[in-house]
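The values are calculated or read from the model by the stated rules, or taken from the named source; none is laboratory data. On a predicted model such as this, the values are computed, not experimentally measured, just so you know. Here Cβ is always computed from backbone atoms with ideal geometry, including for glycine, and neighbour counts include all displayed protein chains.
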């Protein structure tokens, strides 16, 4: 035990030690029945006399904090707890800490859901989430696989892995990608802690503070937060129902000399649109012409309900212009935190080095379990089942919107992915609607969260149709309709 | 399947599709016995006629790449594989990729060990590792706990967790810390992907490129790599056998106005020294006086073999000047990648926000399992057992050095931790010794890796005494002695 004691002050050592232990016991940090170190051991640890420790423990015993049992030791007694204050009020905060003003930041989906749960509605329904329905996932099957991986690999499953990721998993990912239309090598795959870390690494490696990044407007809100926190200038590219308006891109490239184009071409977050085929080729040509790398975020690119498949940008890219980011988090198990980057050329080694510096490697155990779980066959089965289930949910949401929301709402029907992007009737702002909706027991993501300037898009909102069962979708939209009528009144 | 096809070029579509699949089959990305999509499905996916797919598959069949089984589908046949080349040689690398020259970087411990294994010695012995002996860890017990956690929590174990970490684990960490002499609250604990991510987050939040950071010289090599990659100016503080020479600190603070002091006060990496008590208090006073935060890396602070315990800097810090980093990786299970930050004041929220932007959260499943595993009692038992085992190993290494190495080597006996820091006789450089040592079947970390300027410390080397069983330690040092005699000749 490394108790801080000070020999230079007047307070006797036994009192200092007693005071330290008293604070730990009263705050609950040393819990009831914890055995305190033996006299001799603690005396030795702290370099004091045995009598000092005996006196300290006697002090605690006299205050009813501990009891000693002959021949067995000294034990903490149950207490009415006085938690330590989070911030020591008397403490003088160091000056450098005062720079850390609380930043203004948008709510995350889980914070929005807290808002929803605070409404005390008996059956709250959230359309705010950014992921698919985890209840689809066969957790029992995964548990058994995890078990057999640990039996098989023993201690190796708990050792450091290579920074680029577990080799068989990287190989397995190339098989899944090939079965979906993207051919690459295991040496071009870099395992990351979810796609968030993948985006983070690419941004870190390719840009410096004040560099310019082009993003679709709107785009994934946490990417905006990230790029802002890294000090980049973020410029939006307008979108329409065919995705990014690539015809407006060239002027932006000439004007801003960006260091990166970040795009979600497949079932875009938040709009659900899919970039058209001609625009895909044009985008790659422009990126080549202006020497700007593309970061393709393919978070649910395989989750298609109808229409023709669009190849990923990476599959169309002959020269290593595109860095591709995929994930198992959004579709399979978000809590595992496993995503990956596919990159060609020298940038791969730079990304790998930054991965190593960021966190050395992603959990070996999880990677080994995922490798054993995610075969091409299982992935396709899961994809097929999810597509069927989510298509149905989308249809129910579309029907419900038509039935229960004012006819003036505007939206496109997404052909894949997780989201419906909906424009409210004139004069209604999503952020104003949100508290009323939560009161009715339903939540969503306000559209302005997805814009670089969050004064834009106030009349839009994002609904996740994939995360709730069919019966809750209709009910949720009914509630949303009620909330909207409440606003007009 | 999202096969890229181009309707604007002359090559017929069936040939384009056939060529794509052929490449995937020959490179092994589509493995033998994989079932290709049904005609109708792939035709629909790609928006082409069914006949186009039939022709494409017929082309593949004529080349012996697939076979079709009536009423069942088309399957990939086993092939002699031609792996895809990692870098498409004909491809023109984008200009922006050319900025990514291969950086000069020191070897990691695992790269050094590859060097060792290449020597083809029948029984190689590595003293290069930066962690303790994972074979100590009861992996079976952990497997059972993981299993019961998954049974208990089901799908919740696989969902996103909070960015600050699983609350019961944060609470449990405060109990362990209190039992070791540091009192804090669960709200001040932030779970990270190992201590590497913790250092990364603190560096990101507190410094900008070109800012100055003070570090002990020598210090943890991956921290140097990280600070350099983030564009900081790194200034070394000299050390002696009592740790950082704090009396030289004030001048450096006045001269350089650093934004952070990074220190490993307890069983320092690589030197094994422990910062003396008066220096601890002086360090904190100086940091307060000059308004510089301290990052305390306590990677093995509890792993003491003798002498008195020194309180962590954080335990001596009344005002939130010290940000504390701890880990379960080095002592327990490195592959799990779980560490933590303890921070007071507004900087906590900033660190949390950066954690969220970096990777959203650390794997929930691993956190839940760790929470169920790491009780105060288990931690102390593990610590006790490890201390006993590693003390013995240290003693064997010290005896072996005295017996088998030239009497001119210089080293202090560490009172805890993992490392012996050893100075070679005049004129022998560790990097020159390394290949000879590997040939004899033993490895170590050359000392210059741990210096800001890696021209310094060439005559030093770091030996990990904790990672090998007793019988290999003596043998390893015998081999090292042989290699040293080989150099003199």
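Odds and ends about this structure:
- Residue count for the range B:157-172, restricted to those that are more than 7 Å from every other protein chain (Cβ to nearest Cβ) and in contact (Cβ under 8 Å) with a residue 40 or more places away in the chain: 9
- Residue A:17 vs. criteria more than 7 Å from every other protein chain (Cβ to nearest Cβ), within 23 Å of residue B:168 (Cα to Cα) and in a helix (DSSP H, G or I): no
- Of the residues screened, residue B:17 is one that is modelled with pLDDT of 90 or more, surrounded by 14 or more Cβ atoms within 10 Å (Cβ to Cβ) and within 26 Å of residue A:287 (Cβ to Cβ).
- Members of the range A:383-411 found to be in contact with a helix residue (DSSP H, G or I) (Cβ under 8 Å, 6 or more places away or on another chain), surrounded by 13 or more Cβ atoms within 10 Å (Cβ to Cβ) and under 20 Å from residue A:135 (Cβ atoms), listed by number: A:386, A:389, A:392, A:393, A:396, A:397
- Every pair of residues 6+ apart whose Cβ atoms lie under 6 Å, when the first sits in the range B:372-387 and is within 13 Å of residue B:142 (Cβ to Cβ) while the second is at pLDDT 90 or above and part of a helix (DSSP H, G or I): B:372/B:145; B:372/B:149; B:373/B:145
- Residue selected from the range B:215-235 under the condition in contact with a strand residue (DSSP E or B) (Cβ under 6 Å, 6 or more places away or on another chain) and buried (at least 18 other Cβ atoms within 10 Å of the Cβ), by the criterion nearest to residue A:354 (Cα to Cα): B:227
- Of the candidates A:270, A:311, the single residue that is within 21 Å of residue A:203 (Cα to Cα) and in a loop (DSSP other than H, G, I, E, B) is A:270.
- Restricting the range A:254-266 to residues that are more than 12 Å from every other protein chain (Cβ to nearest Cβ) and in contact with a strand residue (DSSP E or B) (Cβ under 8 Å, 6 or more places away or on another chain), the residue that is nearest to residue A:290 (Cα to Cα) is A:256.
- Search result, residues across the range A:173-187 that are in a helix (DSSP H, G or I), surrounded by 20 or more Cβ atoms within 10 Å (Cβ to Cβ) and facing another protein chain (nearest Cβ under 10 Å): A:174, A:175, A:176, A:177, A:178, A:179, A:180, A:186
- Selection status of residue B:373, more than 9 Å from chain A (Cβ to nearest Cβ), within 24 Å of the chain's Cα centre (by Cα) and farther than 24 Å from residue B:160 by Cβ: no
- Boolean, residue B:365 is surrounded by fewer than 24 Cβ atoms within 10 Å (Cβ to Cβ), in contact (Cβ under 8 Å) with a residue 40 or more places away in the chain and in a helix (DSSP H, G or I): no
- Some residue of the range B:334-345 being more than 19 Å from residue B:301 (Cβ to Cβ) and surrounded by fewer than 24 Cβ atoms within 10 Å (Cβ to Cβ): yes
- Inspection of the range B:345-352 finds a residue satisfying the criterion of being more than 10 Å from chain A (Cβ to nearest Cβ), in a helix (DSSP H, G or I) and closer than 17 Å to residue B:169 by Cβ.
- Number of the condition not met by residue B:308 [criteria: (1) facing another protein chain (nearest Cβ under 7 Å); (2) modelled with pLDDT of 90 or more; (3) in contact with a helix residue (DSSP H, G or I) (Cβ under 7 Å, 6 or more places away or on another chain)]: (2)
- Residues being surrounded by 17 or more Cβ atoms within 10 Å (Cβ to Cβ) and either at positive phi or not in a loop (DSSP other than H, G, I, E, B) (or both) - total across the range A:236-267: 14
- Identity of the residue in the range A:284-301, touching a helix residue (DSSP H, G or I) at 6+ places or on another chain (Cβ under 6 Å) and at the interface with another protein chain (Cβ under 8 Å from one of its Cβ atoms), that ends up surrounded by the fewest Cβ atoms within 10 Å (Cβ to Cβ): A:291
- Any hit, the range A:26-38, residues being over 42 Å from the mean Cα position of the chain (by Cα), in the same structural domain as residue A:56 (by TED's automatic domain parsing) and at pLDDT 85 or above: yes
- Taking (1) modelled with pLDDT under 95; (2) closer than 21 Å to residue B:110 by Cβ in turn, residue B:479 satisfies each apart from (1).
- Filtered by the rule that a residue be surrounded by 15 or more Cβ atoms within 10 Å (Cβ to Cβ) and either at pLDDT below 80 or assigned to a helix (DSSP H, G or I) (or both), the range B:106-127 gives B:106, B:107, B:108, B:109, B:110, B:112, B:113, B:115, B:116.
- Number of the condition not met by residue B:355 [criteria: (1) at the interface with chain A (Cβ under 9 Å from one of its Cβ atoms); (2) crowded, with 24+ Cβ neighbours inside 10 Å; (3) closer than 14 Å to residue B:161 by Cα]: (1)
Okay, residues lined up against (1) at pLDDT 95 or above; (2) under 28 Å from the mean Cα position of the chain (by Cα):
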| residue | (1), (2) |
| --- | --- |
| B:389 | no, yes |
| B:394 | yes, yes |
| B:397 | yes, yes |
| B:404 | yes, no |
| B:423 | yes, yes |
| B:426 | no, no |
| B:454 | no, yes |
| B:463 | yes, yes |
